[in-house]
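J.: Here you go, one structure.
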Amino acid sequence: MSKGNIQITEQTGAYESPAELFKAAARYKGERYFYMNKDKSEWLIGLGHAYMIKEKSRSPERITEQFQTLLEQTKEPHHIRLFGGFQFDAGNSPLFDEFGHSHFIWPKIQILCQNNQLTYSYTDMTEEEILNWRSVSEVKAPVIQSVSNQNEEQFLRNVATAVEAMKADQFDKVVLSRQKKVVMNESVDSAWLIERGLKNDEYSYFLLMEGQNSIFVSRTPEQLVKVKADQLSTNAIAGTMARGFNHAAQKLLRDAKNLVEHDIVVKSITADIEPFTTCMNVPDSPKIMTNQFVYHLYTPITAKIEKGNVLNISQALHPTPALGGFPKQAAAAFIEQAEGDRGFYGAPMGYVTAEFEGEFIVAIRSMLIKENTAVLFAGCGVVADSIPESELDETETKFKPMLQLLGVTE
Ligand SMILES: C=C(O[C@@H]1C=C(C(=O)O)C=C[C@H]1O)C(=O)O
(Lines give C-alpha, C1' and ligand atoms only; values in the text may rest on other atoms or scores of the structure.)
Protein backbone atom coordinates (compact mmCIF):
# COMPACT_ATOMS: atom_id res chain seq x y z
CA MET A 1 0.00 0.00 0.00
CA SER A 2 1.17 3.54 -0.64
CA LYS A 3 0.88 6.79 1.27
CA GLY A 4 -2.65 8.11 1.43
CA ASN A 5 -4.37 4.73 1.27
CA ILE A 6 -5.81 5.09 4.73
CA GLN A 7 -8.29 7.94 4.79
CA ILE A 8 -8.83 9.63 8.14
CA THR A 9 -11.50 12.27 8.77
CA GLU A 10 -11.37 14.20 12.04
CA GLN A 11 -13.99 16.35 13.78
CA THR A 12 -14.29 17.88 17.22
CA GLY A 13 -17.43 17.75 19.34
CA ALA A 14 -18.94 18.76 22.67
CA TYR A 15 -18.67 16.46 25.69
CA GLU A 16 -20.85 13.34 25.78
CA SER A 17 -20.68 10.58 28.34
CA PRO A 18 -18.78 7.42 27.34
CA ALA A 19 -21.72 5.23 28.45
CA GLU A 20 -24.10 7.09 26.11
CA LEU A 21 -21.59 6.84 23.25
CA PHE A 22 -21.32 3.08 23.87
CA LYS A 23 -25.11 2.75 23.83
CA ALA A 24 -25.26 4.64 20.55
CA ALA A 25 -22.62 2.31 19.10
CA ALA A 26 -24.55 -0.95 19.58
CA ARG A 27 -23.87 -1.90 15.95
CA TYR A 28 -20.16 -2.23 16.81
CA LYS A 29 -20.82 -4.64 19.69
CA GLY A 30 -17.90 -7.09 19.95
CA GLU A 31 -15.51 -4.47 18.54
CA ARG A 32 -15.57 -1.69 21.15
CA TYR A 33 -13.15 -0.54 23.83
CA PHE A 34 -12.86 2.11 26.51
CA TYR A 35 -9.78 3.37 28.36
CA MET A 36 -9.76 6.09 31.01
CA ASN A 37 -6.65 7.26 32.78
CA LYS A 38 -6.25 7.33 36.53
CA ASP A 39 -6.95 11.02 37.16
CA LYS A 40 -9.78 10.85 34.61
CA SER A 41 -8.36 13.77 32.61
CA GLU A 42 -8.41 11.72 29.42
CA TRP A 43 -10.40 8.87 27.93
CA LEU A 44 -10.52 6.94 24.69
CA ILE A 45 -13.25 4.98 22.93
CA GLY A 46 -12.72 2.71 19.94
CA LEU A 47 -15.62 1.42 17.81
CA GLY A 48 -15.23 -1.15 15.04
CA HIS A 49 -12.01 -2.63 13.70
CA ALA A 50 -10.44 -0.85 10.74
CA TYR A 51 -7.24 -2.89 11.17
CA MET A 52 -6.54 -5.66 13.59
CA ILE A 53 -3.07 -6.87 14.55
CA LYS A 54 -3.41 -10.25 16.17
CA GLU A 55 -0.31 -12.38 16.72
CA LYS A 56 0.14 -15.80 18.32
CA SER A 57 3.23 -14.58 20.16
CA ARG A 58 3.97 -11.58 22.35
CA SER A 59 6.05 -9.42 20.09
CA PRO A 60 6.49 -5.66 20.56
CA GLU A 61 8.77 -5.68 17.49
CA ARG A 62 6.01 -7.08 15.24
CA ILE A 63 3.49 -4.57 16.63
CA THR A 64 5.92 -1.66 16.17
CA GLU A 65 6.63 -2.76 12.60
CA GLN A 66 3.00 -3.25 11.63
CA PHE A 67 1.82 -0.02 13.26
CA GLN A 68 4.58 1.84 11.44
CA THR A 69 3.47 0.30 8.12
CA LEU A 70 -0.10 1.44 8.79
CA LEU A 71 1.05 4.94 9.81
CA GLU A 72 3.01 5.27 6.57
CA GLN A 73 -0.24 4.93 4.66
CA THR A 74 -1.90 7.96 6.27
CA LYS A 75 -1.58 11.40 4.68
CA GLU A 76 -2.13 13.91 7.45
CA PRO A 77 -1.27 14.00 11.16
CA HIS A 78 -4.10 12.42 13.21
CA HIS A 79 -5.13 11.32 16.69
CA ILE A 80 -5.56 7.58 16.06
CA ARG A 81 -3.93 5.38 18.68
CA LEU A 82 -3.26 1.67 18.49
CA PHE A 83 -5.03 0.04 21.43
CA GLY A 84 -4.68 -3.45 22.92
CA GLY A 85 -2.26 -5.58 24.88
CA PHE A 86 0.03 -8.54 25.26
CA GLN A 87 -1.22 -11.59 27.17
CA PHE A 88 0.40 -12.28 30.55
CA ASP A 89 2.26 -15.39 29.39
CA ALA A 90 3.03 -17.39 26.25
CA GLY A 91 0.58 -20.18 27.16
CA ASN A 92 -2.98 -20.53 25.91
CA SER A 93 -5.62 -19.65 28.46
CA PRO A 94 -8.91 -21.22 27.24
CA LEU A 95 -10.85 -18.26 28.69
CA PHE A 96 -8.98 -15.85 26.42
CA ASP A 97 -8.86 -18.01 23.30
CA GLU A 98 -10.43 -15.44 21.00
CA PHE A 99 -7.67 -12.91 21.71
CA GLY A 100 -4.17 -12.89 20.24
CA HIS A 101 -1.07 -12.97 22.45
CA SER A 102 -0.33 -9.62 20.87
CA HIS A 103 -3.77 -8.14 20.29
CA PHE A 104 -4.01 -4.59 18.91
CA ILE A 105 -6.74 -2.59 17.22
CA TRP A 106 -6.83 0.42 14.91
CA PRO A 107 -10.49 1.43 15.27
CA LYS A 108 -12.97 2.55 12.60
CA ILE A 109 -14.14 5.31 14.93
CA GLN A 110 -12.00 6.69 17.73
CA ILE A 111 -13.36 9.20 20.23
CA LEU A 112 -10.66 10.85 22.31
CA CYS A 113 -11.63 13.07 25.24
CA GLN A 114 -9.09 15.63 26.46
CA ASN A 115 -10.11 18.58 28.64
CA ASN A 116 -13.78 17.68 28.11
CA GLN A 117 -13.42 18.18 24.40
CA LEU A 118 -14.02 15.24 22.05
CA THR A 119 -12.02 14.48 18.92
CA TYR A 120 -13.66 12.02 16.54
CA SER A 121 -11.37 10.22 14.10
CA TYR A 122 -12.99 8.13 11.37
CA THR A 123 -10.95 5.63 9.36
CA ASP A 124 -11.96 4.88 5.79
CA MET A 125 -15.58 5.99 6.29
CA THR A 126 -17.79 7.86 3.83
CA GLU A 127 -19.55 11.09 4.78
CA GLU A 128 -22.80 9.20 4.97
CA GLU A 129 -21.35 6.52 7.25
CA ILE A 130 -19.95 9.25 9.49
CA LEU A 131 -23.37 10.88 9.77
CA ASN A 132 -25.23 7.63 10.46
CA TRP A 133 -23.21 5.41 12.79
CA ARG A 134 -25.37 6.04 15.84
CA SER A 135 -28.46 4.04 16.70
CA VAL A 136 -30.79 3.88 19.71
CA SER A 137 -30.37 0.89 22.00
CA GLU A 138 -31.77 -0.33 25.31
CA VAL A 139 -29.42 -1.61 27.99
CA LYS A 140 -30.75 -3.85 30.73
CA ALA A 141 -29.27 -4.40 34.19
CA PRO A 142 -28.58 -8.09 34.82
CA VAL A 143 -29.66 -9.77 38.08
CA ILE A 144 -27.05 -11.73 40.05
CA GLN A 145 -27.84 -15.44 40.37
CA SER A 146 -24.76 -16.89 42.05
CA VAL A 147 -21.26 -16.07 43.26
CA SER A 148 -18.76 -18.87 43.81
CA ASN A 149 -15.07 -19.35 44.53
CA GLN A 150 -13.34 -21.36 41.84
CA ASN A 151 -10.11 -22.58 43.37
CA GLU A 152 -9.86 -21.47 46.99
CA GLU A 153 -8.37 -24.76 48.27
CA GLN A 154 -5.90 -24.92 45.41
CA PHE A 155 -4.83 -21.34 46.14
CA LEU A 156 -4.18 -22.15 49.82
CA ARG A 157 -2.11 -25.18 48.79
CA ASN A 158 -0.20 -23.11 46.20
CA VAL A 159 0.69 -20.47 48.81
CA ALA A 160 1.87 -23.15 51.27
CA THR A 161 3.98 -24.84 48.56
CA ALA A 162 5.46 -21.49 47.50
CA VAL A 163 6.38 -20.65 51.12
CA GLU A 164 8.23 -24.00 51.40
CA ALA A 165 10.06 -23.33 48.11
CA MET A 166 11.12 -19.87 49.32
CA LYS A 167 12.28 -21.23 52.66
CA ALA A 168 14.43 -23.61 50.60
CA ASP A 169 15.80 -20.51 48.77
CA GLN A 170 14.33 -21.45 45.37
CA PHE A 171 13.08 -17.86 44.80
CA ASP A 172 12.26 -14.72 46.84
CA LYS A 173 8.71 -13.82 45.85
CA VAL A 174 5.84 -15.13 43.75
CA VAL A 175 2.43 -13.63 43.03
CA LEU A 176 -0.38 -16.18 43.18
CA SER A 177 -3.98 -15.70 42.18
CA ARG A 178 -7.43 -17.20 42.30
CA GLN A 179 -10.79 -16.76 40.64
CA LYS A 180 -14.44 -16.15 41.48
CA LYS A 181 -17.36 -16.84 39.19
CA VAL A 182 -20.45 -14.62 39.06
CA VAL A 183 -23.48 -15.88 37.15
CA MET A 184 -26.23 -13.48 36.09
CA ASN A 185 -29.70 -13.96 34.63
CA GLU A 186 -28.73 -12.53 31.24
CA SER A 187 -25.74 -11.38 29.25
CA VAL A 188 -23.95 -8.22 30.32
CA ASP A 189 -23.70 -5.12 28.15
CA SER A 190 -20.52 -3.01 28.13
CA ALA A 191 -22.53 0.24 28.17
CA TRP A 192 -24.11 -0.84 31.48
CA LEU A 193 -20.67 -1.63 32.95
CA ILE A 194 -19.30 1.74 31.87
CA GLU A 195 -22.29 3.59 33.24
CA ARG A 196 -21.95 1.85 36.61
CA GLY A 197 -18.18 2.18 36.67
CA LEU A 198 -18.22 5.91 36.07
CA LYS A 199 -20.42 6.47 39.12
CA ASN A 200 -17.47 5.32 41.18
CA ASP A 201 -14.65 7.84 41.37
CA GLU A 202 -12.07 5.23 42.45
CA TYR A 203 -8.46 6.35 41.91
CA SER A 204 -7.84 3.78 39.19
CA TYR A 205 -7.80 3.29 35.45
CA PHE A 206 -10.89 1.96 33.70
CA LEU A 207 -10.23 -0.37 30.81
CA LEU A 208 -12.81 -2.39 28.88
CA MET A 209 -12.17 -4.35 25.70
CA GLU A 210 -14.73 -6.42 23.84
CA GLY A 211 -14.12 -9.54 21.82
CA GLN A 212 -16.84 -11.12 19.69
CA ASN A 213 -17.86 -13.36 22.62
CA SER A 214 -16.35 -11.67 25.65
CA ILE A 215 -15.70 -8.48 27.56
CA PHE A 216 -12.50 -7.94 29.53
CA VAL A 217 -12.64 -5.25 32.24
CA SER A 218 -10.01 -3.85 34.61
CA ARG A 219 -10.09 -1.14 37.28
CA THR A 220 -6.38 -1.24 38.01
CA PRO A 221 -4.50 1.34 40.06
CA GLU A 222 -1.22 0.13 38.52
CA GLN A 223 0.58 1.82 35.64
CA LEU A 224 3.21 -0.32 33.94
CA VAL A 225 4.81 2.49 31.96
CA LYS A 226 3.98 5.81 30.37
CA VAL A 227 6.10 7.50 27.70
CA LYS A 228 5.62 11.16 26.85
CA ALA A 229 8.28 12.92 24.76
CA ASP A 230 11.55 11.73 26.35
CA GLN A 231 10.01 11.20 29.80
CA LEU A 232 9.27 7.76 31.17
CA SER A 233 7.12 7.17 34.23
CA THR A 234 6.42 3.94 35.99
CA ASN A 235 5.67 2.84 39.51
CA ALA A 236 6.01 0.05 41.97
CA ILE A 237 2.72 -0.87 43.62
CA ALA A 238 3.14 -3.81 45.96
CA GLY A 239 2.25 -4.26 49.61
CA THR A 240 -1.41 -4.18 50.58
CA MET A 241 -3.57 -3.61 53.62
CA ALA A 242 -7.37 -3.65 53.69
CA ARG A 243 -8.89 -0.33 54.73
CA GLY A 244 -11.37 -0.02 57.53
CA PHE A 245 -9.34 -0.65 60.67
CA ASN A 246 -7.51 1.92 62.77
CA HIS A 247 -4.14 3.16 61.52
CA ALA A 248 -4.07 0.65 58.65
CA ALA A 249 -2.01 3.02 56.45
CA GLN A 250 0.56 3.75 59.20
CA LYS A 251 0.77 0.03 59.96
CA LEU A 252 1.39 -0.77 56.28
CA LEU A 253 4.21 1.78 56.06
CA ARG A 254 5.98 -0.06 58.91
CA ASP A 255 5.06 -3.64 58.06
CA ALA A 256 8.24 -5.66 57.42
CA LYS A 257 6.64 -8.32 55.18
CA ASN A 258 5.00 -5.74 52.90
CA LEU A 259 8.14 -3.59 52.78
CA VAL A 260 10.17 -6.62 51.64
CA GLU A 261 7.60 -7.38 48.90
CA HIS A 262 7.69 -3.76 47.80
CA ASP A 263 11.45 -3.43 47.79
CA ILE A 264 11.81 -6.45 45.49
CA VAL A 265 9.53 -4.72 42.96
CA VAL A 266 11.36 -1.38 43.10
CA LYS A 267 14.77 -3.06 42.57
CA SER A 268 13.53 -5.14 39.66
CA ILE A 269 11.80 -2.21 37.88
CA THR A 270 14.82 0.06 38.18
CA ALA A 271 17.10 -2.71 36.83
CA ASP A 272 14.68 -3.35 33.92
CA ILE A 273 14.45 0.28 32.76
CA GLU A 274 18.12 1.03 33.34
CA PRO A 275 19.26 -0.04 29.82
CA PHE A 276 16.70 2.31 28.22
CA THR A 277 17.13 5.44 30.35
CA THR A 278 19.23 8.02 32.17
CA CYS A 279 18.46 10.46 35.02
CA MET A 280 16.36 7.97 36.94
CA ASN A 281 14.52 9.32 39.95
CA VAL A 282 13.58 6.77 42.61
CA PRO A 283 12.32 7.92 46.03
CA ASP A 284 14.02 6.22 49.02
CA SER A 285 10.84 4.98 50.63
CA PRO A 286 7.29 4.18 49.50
CA LYS A 287 4.20 6.31 49.98
CA ILE A 288 0.63 5.21 50.56
CA MET A 289 -1.77 4.90 47.65
CA THR A 290 -5.39 4.99 48.77
CA ASN A 291 -7.97 2.98 46.87
CA GLN A 292 -11.58 2.42 47.83
CA PHE A 293 -10.96 -0.90 49.59
CA VAL A 294 -7.19 -1.10 50.13
CA TYR A 295 -4.02 0.83 50.85
CA HIS A 296 -0.97 0.00 48.77
CA LEU A 297 2.70 0.81 49.13
CA TYR A 298 3.57 2.97 46.17
CA THR A 299 6.84 4.25 44.67
CA PRO A 300 6.62 6.51 41.60
CA ILE A 301 9.69 6.27 39.34
CA THR A 302 10.67 8.62 36.50
CA ALA A 303 13.54 8.68 34.01
CA LYS A 304 14.66 10.14 30.70
CA ILE A 305 14.43 7.77 27.74
CA GLU A 306 17.58 7.17 25.72
CA LYS A 307 16.32 4.34 23.54
CA GLY A 308 13.38 2.00 23.03
CA ASN A 309 9.67 2.75 22.80
CA VAL A 310 6.64 2.22 25.02
CA LEU A 311 6.08 -1.26 23.55
CA ASN A 312 9.50 -2.76 24.08
CA ILE A 313 9.96 -1.05 27.46
CA SER A 314 6.63 -2.60 28.53
CA GLN A 315 7.97 -5.98 27.52
CA ALA A 316 11.21 -5.47 29.43
CA LEU A 317 9.23 -4.64 32.56
CA HIS A 318 6.57 -7.32 32.31
CA PRO A 319 5.87 -9.07 34.55
CA THR A 320 7.24 -6.94 37.34
CA PRO A 321 7.52 -8.85 40.63
CA ALA A 322 4.24 -7.10 41.57
CA LEU A 323 2.53 -9.67 39.32
CA GLY A 324 5.13 -12.34 38.60
CA GLY A 325 7.75 -12.64 41.28
CA PHE A 326 11.51 -12.67 41.77
CA PRO A 327 13.76 -13.95 40.27
CA LYS A 328 11.40 -13.58 37.31
CA GLN A 329 12.02 -16.92 35.60
CA ALA A 330 11.76 -19.12 38.67
CA ALA A 331 8.57 -17.32 39.73
CA ALA A 332 7.04 -17.61 36.24
CA ALA A 333 7.76 -21.35 36.19
CA PHE A 334 6.09 -21.74 39.59
CA ILE A 335 2.98 -19.79 38.46
CA GLU A 336 2.72 -21.78 35.24
CA GLN A 337 2.80 -25.04 37.12
CA ALA A 338 0.53 -23.99 39.99
CA GLU A 339 -2.07 -21.95 38.10
CA GLY A 340 -1.79 -22.34 34.35
CA ASP A 341 -2.11 -19.39 31.97
CA ARG A 342 -3.47 -15.96 32.87
CA GLY A 343 -4.62 -14.47 29.54
CA PHE A 344 -5.09 -10.73 30.07
CA TYR A 345 -5.22 -10.93 33.88
CA GLY A 346 -2.18 -8.94 35.06
CA ALA A 347 -1.19 -8.28 31.44
CA PRO A 348 0.24 -5.10 29.90
CA MET A 349 -2.61 -3.28 28.14
CA GLY A 350 -2.88 0.23 26.77
CA TYR A 351 -2.26 2.40 23.74
CA VAL A 352 0.45 3.73 21.43
CA THR A 353 0.10 7.06 19.61
CA ALA A 354 1.28 7.86 16.09
CA GLU A 355 4.33 9.52 17.75
CA PHE A 356 5.05 6.27 19.62
CA GLU A 357 4.17 7.78 22.95
CA GLY A 358 1.71 5.86 25.07
CA GLU A 359 0.77 4.18 28.29
CA PHE A 360 0.40 0.57 29.43
CA ILE A 361 -1.29 -0.53 32.63
CA VAL A 362 -1.17 -3.79 34.56
CA ALA A 363 -4.62 -5.33 34.06
CA ILE A 364 -5.48 -6.37 37.63
CA ARG A 365 -8.77 -5.88 39.57
CA SER A 366 -10.15 -7.46 36.45
CA MET A 367 -12.64 -9.96 35.01
CA LEU A 368 -13.60 -11.70 31.80
CA ILE A 369 -17.30 -11.87 30.99
CA LYS A 370 -18.81 -14.35 28.52
CA GLU A 371 -22.55 -13.89 28.07
CA ASN A 372 -24.04 -14.17 31.58
CA THR A 373 -20.91 -15.43 33.38
CA ALA A 374 -18.05 -13.36 34.76
CA VAL A 375 -14.74 -14.82 35.94
CA LEU A 376 -12.98 -12.45 38.36
CA PHE A 377 -9.25 -12.51 39.10
CA ALA A 378 -7.32 -11.49 42.22
CA GLY A 379 -3.79 -12.20 43.36
CA CYS A 380 -1.24 -11.26 45.97
CA GLY A 381 2.48 -11.30 46.59
CA VAL A 382 3.73 -14.30 48.55
CA VAL A 383 7.06 -14.24 50.41
CA ALA A 384 8.75 -16.70 52.78
CA ASP A 385 6.80 -15.53 55.85
CA SER A 386 3.38 -15.41 54.16
CA ILE A 387 0.43 -17.06 55.91
CA PRO A 388 -1.94 -18.75 53.43
CA GLU A 389 -5.17 -17.62 55.20
CA SER A 390 -4.02 -13.96 55.30
CA GLU A 391 -3.25 -14.09 51.59
CA LEU A 392 -6.72 -15.55 50.99
CA ASP A 393 -8.22 -12.57 52.87
CA GLU A 394 -6.12 -10.15 50.82
CA THR A 395 -7.37 -11.61 47.53
CA GLU A 396 -10.94 -11.47 48.88
CA THR A 397 -10.55 -7.71 49.31
CA LYS A 398 -9.06 -7.37 45.83
CA PHE A 399 -12.16 -8.95 44.25
CA LYS A 400 -14.28 -6.10 45.60
CA PRO A 401 -13.90 -3.56 42.75
CA MET A 402 -15.24 -6.07 40.21
CA LEU A 403 -17.92 -7.44 42.58
CA GLN A 404 -19.07 -3.87 43.12
CA LEU A 405 -19.06 -3.13 39.39
CA LEU A 406 -21.33 -6.13 38.78
CA GLY A 407 -23.65 -5.08 41.60
CA VAL A 408 -22.87 -8.06 43.85
CA THR A 409 -21.88 -5.66 46.63
CA GLU A 410 -22.66 -1.99 47.01
C1 LIG B 1 -1.92 -9.22 41.97
C2 LIG B 1 -2.69 -8.22 42.33
O3 LIG B 1 -2.20 -7.07 42.90
C4 LIG B 1 -0.81 -6.82 42.98
C5 LIG B 1 -0.24 -7.31 44.23
C6 LIG B 1 -0.12 -6.49 45.35
C7 LIG B 1 0.37 -7.06 46.67
O8 LIG B 1 0.69 -8.24 46.73
O9 LIG B 1 0.40 -6.32 47.65
C10 LIG B 1 -0.45 -5.14 45.27
C11 LIG B 1 -0.80 -4.58 44.08
C12 LIG B 1 -0.64 -5.32 42.84
O13 LIG B 1 0.63 -5.09 42.32
C14 LIG B 1 -4.17 -8.26 42.11
O15 LIG B 1 -4.84 -7.29 42.49
O16 LIG B 1 -4.66 -9.22 41.53
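The values are calculated or read from the model by the stated rules, or taken from the named source; none is laboratory data. As the structure is a computational prediction, the values presented were derived from the model and not from experiment. Every residue, glycine as well, gets a Cβ built from its backbone with ideal geometry; the counts of neighbours run over all protein chains shown. All accessible areas refer to the heavy atoms of the entire protein, side chains included, with ligands and DNA or RNA removed. Shrake-Rupley method; radii C 1.70, N 1.55, O 1.52, S 1.80 Å.
J.: Of the residues 43, 106, which is under 19 Å from residue 205 (Cα atoms) and touching a residue at least 12 places away in the same chain (Cβ under 8 Å)? Give the steps one after another, and end with the answer.
T.: Numbers: 106 fails: under 19 Å from residue 205 (Cα atoms).
Going through 43, 106 in turn, just one is under 19 Å from residue 205 (Cα atoms) and touching a residue at least 12 places away in the same chain (Cβ under 8 Å): 43.
J.: Moving on. Mind listing just one residue for me: the one in the range 247-266 that is open to solvent by 60 Å² or more (accessible area, probe 1.4 Å) and in contact (Cβ under 8 Å) with a residue 40 or more places away in the chain and, of those, farthest from residue 296 (Cα to Cα)?
T.: Looking at the filtered set, the residue picked out is 260.
J.: Quick one: residue 198 ticks every box in (1) in contact with a Ser or Thr (Cβ under 9 Å, 6 or more places away or on another chain); (2) among the hydrophobic types (A, V, I, L, M, F, W, C); (3) open to solvent by less than 10 Å² (accessible area, probe 1.4 Å) except a single one, so which number is it?
T.: Result: residue 198 passes all but (3).
J.: Being closer than 20 Å to residue 193 by Cα and either crowded, with 24+ Cβ neighbours inside 10 Å or within 11 Å of the ligand (Cβ to nearest atom) (or both) is the requirement here; does residue 401 meet it? Please lay out each step first, then the result.
T.: On the way: closer than 20 Å to residue 193 by Cα: yes; either crowded, with 24+ Cβ neighbours inside 10 Å or within 11 Å of the ligand (Cβ to nearest atom) (or both): yes.
For residue 401, the condition - closer than 20 Å to residue 193 by Cα and either crowded, with 24+ Cβ neighbours inside 10 Å or within 11 Å of the ligand (Cβ to nearest atom) (or both) - is met.
J.: Applying the selection to the range 374-398, what residues are in a strand (DSSP E or B) and touching a Ser or Thr at 6+ places or on another chain (Cβ under 9 Å)? First the steps, then the outcome.
T.: In the first step, residues of the range 374-398 are kept if they are in a strand (DSSP E or B); the result is 374-382.
Across the range 374-398, the qualifying residues are 376, 377, 378, 379, 380, 381.
J.: Sticking with this one: So which residues in the range 167-195 are open to solvent by less than 10 Å² (accessible area, probe 1.4 Å) and in a helix (DSSP H, G or I), if there are any at all?
T.: 190, 191, 193, 194
J.: Same structure again: So which residues in the range 128-152 are more than 30 Å from residue 179 (Cα to Cα) and either free of Cβ contacts under 8 Å to residues at least 12 places away in the same chain or crowded, with 19+ Cβ neighbours inside 10 Å (or both), if there are any at all? Show your work before the answer.
T.: Here is the first cut: in the range 128-152, the residues more than 30 Å from residue 179 (Cα to Cα) are 128-138.
Those that are more than 30 Å from residue 179 (Cα to Cα) and either free of Cβ contacts under 8 Å to residues at least 12 places away in the same chain or crowded, with 19+ Cβ neighbours inside 10 Å (or both): 128, 129, 131, 132, 138.
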